[in-house]
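Notes follow once the structure below has been shown.
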There are 4 protein chains.
Amino acid sequence: MIVLDYRDKRPIYEQVVDKLENLIVCGALESNMKMPSVRSLAMELSVNPNTIQRAYAQLEQDGYLYTIVGRGNYVTSENEWKGGKKKALCKEFTELLAKMKELGISRQELLELISAQYPGEEENV
Amino acid sequence: MIVLDYRDKRPIYEQVVDKLENLIVCGALESNMKMPSVRSLAMELSVNPNTIQRAYAQLEQDGYLYTIVGRGNYVTSENEWKGGKKKALCKEFTELLAKMKELGISRQELLELISAQYPGEEENV
Amino acid sequence: MIVLDYRDKRPIYEQVVDKLENLIVCGALESNMKMPSVRSLAMELSVNPNTIQRAYAQLEQDGYLYTIVGRGNYVTSENEWKGGKKKALCKEFTELLAKMKELGISRQELLELISAQYPGEEENV
Amino acid sequence: MIVLDYRDKRPIYEQVVDKLENLIVCGALESNMKMPSVRSLAMELSVNPNTIQRAYAQLEQDGYLYTIVGRGNYVTSENEWKGGKKKALCKEFTELLAKMKELGISRQELLELISAQYPGEEENV
DNA sequence: GTGGTCTAGACCACG
DNA sequence: GTGGTCTAGACCACC
């Protein structure tokens, strides 16, 4: 389900947050689905339960999970996190655009990169 | 020349690297220009010389500076770093696009964000 | 009669206490009225009978219910809990006022908040 | 500086957060003042450093502190937290008002409680 | 069994 | 010396 990269400089709990967030965003973990328990996921990843606990706490704070004490952690429904996520990505996109523009990358080059991701849609839409 | 933000979570040396890289990319620091000495820049920013030393080392590794022992640090000529930088940014851009597409952000929305950065250029260029 | 919020951080029994207390305070549950049995309410809410038992015990301790062993739980008459409740709320109110004053919130602002709750009563009453 | 109440059911870190927040709000801890280090405060309170760490992290997230890794924790300037705090208190105030109104506490009684806190200001302001 | 908190002790990057 | 992370192991309330 998750593979940790111990060569990565980022803390483990952050890697776990990232991977799980991706799984939730891409729909692999469905709304209201029960997540593996703190202890079981810790065992599976050979990591201390506290570390998973911290990751789950972060995900809850970011709105991707909700916790019922004594029962487990569950995946939040999509519309509760979608708005925030979209806003964050657009911000990142704008900042990246600024850097690219400064380097002299033309609007045309950007459009080509986009067309590679959104095939079939003509440019004169 | 450089203003540090001590509340930034990133380490100081990384901020210095970032700022200097920006100054080089935007052309404020010209090719083959002599950089301020480690000690003088450390004094100017009120930080430990080790911190500046580390930043310079990082910039040299990234190809933005070259060192002449006993003489100082100099700015690399543009064509030596431009290709790598551009490639890195395009890769980042493509990965970000993939995430945005997954979230359901339309091609149209992207074009609007781009138009905000590249004003004056019509969409049917 | 009662709707539980499983995403609420508070324990279930505490939510039950709160909801029942509200129903008693607002008069929906009249004095000396018989409460539903522990088991039946537990069934209705799909929770463990222990949870309801604990809630009833708490309500009894707070003076809102009295128990007749072998018969069931009954709502206390109003005058037995009203005094204590009022005193507790006023204490809470005073403490909150102190905090607000410390933050520089003016008397005028407080009056406006009150007017929003007690509409129709003029300020010079 | 801080006294813990071990009979309190709330977690220790939460008590620490509460006390420190109060000290900051009331001005006892001035802007940009250096807080005691994690380890020293832990020693002073006879508590594990992790516990203090968690409290500081919470306070940072709430905007009362900012952290410079390797240097220490510092008190945020007032205007960075004042708005959020005021909003939170007003919300609490409104909710409390609703409860009091339900219990039949009159507007007049509230005004008297307020006058006790804001002496000298006449009612017909 | 579940999540939440806490202790004791360790290592790391940073300055 | 500072904050940040992690482990190992423990206890608690809740259900």
Problem - Those aspartates and glutamates that a straight Cα-Cα span of less than 12 Å connects to B:Lys101, excepting residues fewer than 8 apart in one chain - result: B:Glu109
Exercise for the section: May I have the pair-distance distribution P(r) for chain C, computed from all Cα-Cα distances with 5 Å bins from 0 and rounded to whole percent? Expected result: 2, 9, 15, 17, 15, 13, 11, 9, 6, 3, 1, 0
Completion exercise
Checking A:Leu97, A:Leu111, A:Leu45 against a Gaussian network model of chain A (alpha-carbon springs below 10 Å), the top fluctuating residue turns out to be A:Leu111
Fill in the blank from the handout: With the label set 7 Å along Cα→Cβ, D:Ile68 is separated from its counterparts in the other copies, in nm and shortest first, by 3.6, 4.8, 7.2
Handout entry: Relative intensity, log₁₀ I(q)/I(0), of region C:12-76 from a Debye sum that treats every alpha carbon as a point, q = 0.21 Å⁻¹
Key = -0.80
Handout entry: Given C:Lys87/D:Lys99; C:Lys91/D:Lys86; B:Lys19/B:Lys87, the pairs whose alpha carbons are separated by over 18 Å
Key = C:Lys91/D:Lys86; B:Lys19/B:Lys87
Practice task
Enumerate the amide H contacts of D:Thr76 below 5 Å, restricted to partners 5 or more residues apart or on another chain; note that Pro and chain-start residues carry no placed amide H.
Solution key: D:Asn32, D:Leu65, D:Tyr66
Practice task
Going by the rotation axis that takes chain C to chain B, pick out the residue of C with the closest C-beta and quote the gap in whole Å.
Solution key: C:Lys9, 14
Problem - Helix-only [θ]222 nm of chain C, DSSP H runs n ≥ 4, -39500 (n - 2.57) each, per residue, nearest 500 - result: -18500 deg cm²/dmol
Exercise for the section: Based on other C-beta atoms within 10 Å, arrange A:Asp62, C:Asp8 from fewest to most. Expected result: C:Asp8, A:Asp62
Problem - Dipole magnitude of chain B about its Cα centre (Cβ charges: Lys, Arg +1; Asp, Glu -1), debye to nearest 20 - result: 560 debye
Fill in the blank from the handout: Given a Förster distance of 25 Å, the FRET efficiency implied by the Cβ-Cβ spacing of D:Ser40 and D:Glu60, rounded to the nearest 0.05, works out to 0.90
Problem - Distances in nm from A:Met43 to the matching label points in the other copies, shortest first (labels 7 Å along Cα to Cβ) - result: 3.7, 4.1, 6.4
Handout entry: Förster radius 25 Å - calculated FRET efficiency between A:Ser77 and C:Gln53 (Cβ-Cβ, nearest 0.05)
Key = 0.15
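Every number here is computed from the coordinates shown, using simple stated rules; none is lab data. None of these values were measured; they are calculated from a predicted model. We place every Cβ from the backbone using ideal geometry, glycine too, and count neighbours over all the protein chains shown.
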